[in-house]
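Working notes for the structure below.
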Amino acid sequence: MTKSQRIIITILSVIAFTLVVVVGVFAYQALSAVAMKPLGPSLPTQALPPTWTPSPGPLTSNGAVTFAPTISFPTATPGPRCGGPLSMNILVVGTDTRGDNYTYGLADAIRLVRVDFFTPKVSALEFPRDLWVEIPHVADDLNGQDHEKLNQAFLYGQPGFNYWDDPTEGSGLLALTLNRNFGASVDHYITINMRTFEHIIDALGGIDVEIPNEKIAKTTGLKEGTHHLSGAEALKLSRNRSGGSFERADNQNIVLCAVRKKLTSPQILAQIPALIETFQDNIRTDFTPAQLSQLACLATQMPPENIVLASFPADLFKQTRVFDPVFDKRISILDADFDILRDFVVRFQMGTWPAQAAIASPSPLIDEEDNAFVCQ
């Protein structure tokens, strides 16, 4: 090979290498842009957090402090895991729409989920759907009526009503309602209708739920022990409220624990990207694919005892009736002292309530005083 040939080959090699690098950079930038693009519109601006000072411990219905919880962080982890923030609050909504669209539908299940990327820990707080709350932005369309049940905040935000023209639709209006009434600060939302829920459970191959004792068996309609449920059966269990609204929340907790266990199994983890791609058009969320990857990463590092499903103490609520001008009749609602509920929400968002379960239990219901389920 002559000297001139070696020079030409060297120049061509440098050009080829440069082209590969350039193409790689552009491909990376394109994929990064896709990964950072939200799958839905972002939430509207919410009010600043409440300015009241939380008391030293969670309150009972009469305002007494029950205990002073603390939260400790492990020193082995230098910062948030999986590239996530320190924490985030997610509004998770299960709507009773039976079709594939989101034109109408009430919020059948309402959870505020706090994801702690440092500890790591996930806590989910259930909001009773029958709370009588102020719903922003609807009074003009309801002849001055600005109070309705909490689950209707989602309904009135849906495009079928044209009360609220924000692209986040019912998810955004429900987030604002939680902020207005309880000081909840929502960073992201995930909304799913009943049909999509069924399809996801079926795509996972069903779930195995554990009915730990006879008390819970009475409210679920299932015998004590392990049961394999299809999507339709899991939905039926989630919506079963034969024992009351609070018992239905317990049923939903059992299903959520089973879903979590299935999602973190090795055979399913590898399918998560495909599942996200399959169902991304049927789920409403403002997460980016990159953020969903962070959550999936965190799930693999999450000890079961660090997943806590909480409810407000049942004795804070009273069943009563009010006259609703929209329906022109008296309707049944849940009444509560919102100042006390706000105090619980503040603690929840700080990560100090419910307290971390210190002991294991054969039952997912760990602490009745704290109203907390822990996934086993």
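Worth pointing out:
- Given Lys218/Lys261; Lys236/Lys318; Lys215/Lys329, the pairs whose alpha carbons are separated by over 32 Å: Lys215/Lys329
- Stretchable slack from Ala296 to Lys223, in nm (0.36 nm times residue separation minus alpha-carbon distance): 23.0 nm
- Karplus (6.51, -1.76, 1.60) ³J(HN,Hα), θ = phi - 60°, over region 164-176, in Hz, Gly and Pro reported as x: 9, 9, 6, x, 6, 6, x, 4, x, 5, 5, 4, 5
- Annotation: amide H-H contacts under 5 Å for Leu309 (H modelled 1.01 Å from N, sequence separation of 5 or more, or interchain): Ala124, Phe373, Val374, Cys375.
- Taking the fewest neighbouring Cβ atoms within 10 Å as the starting point, the ordered list for Trp132, Trp353 is Trp132, Trp353.
- The ratio of the alpha-carbon radius of gyration of region 96-177 to the globular-protein estimate 2.2 N^0.38 Å is 1.20.
- Positive-end extreme of charge dipole, region 82-355 - chosen from Phe127, His188, Pro289 (charges on Cβ): Phe127
- For q = 0.13, 0.16 Å⁻¹, Debye-computed log10 I/I(0) when each Cα of region 186-303 counts as one equal scatterer: -0.55, -0.82
- Listed from fewest to most Cβ neighbours within 10 Å, the set Phe154, Phe161 follows the order Phe161, Phe154.
- Using alpha carbons only: equivalent-ellipsoid semi-axes of region 82-355, gyration tensor based, whole Å: 29, 22, 20
- For region 205-212, the Karplus equation 6.51 cos²θ - 1.76 cosθ + 1.60, evaluated at θ = phi - 60°, returns couplings of x, x, 10, 10, 9, 10, 9, x Hz by residue, with Gly and Pro reported as x.
Laboratory data are not the source of any read-out in this text; all were calculated from the coordinates shown. Only a predicted model underlies this, so the values are computations on that prediction, with no experimental measurement involved. A quick note on method: Cβ atoms are made from the backbone with ideal geometry, for glycine too, and the neighbour counts reach across all protein chains shown.
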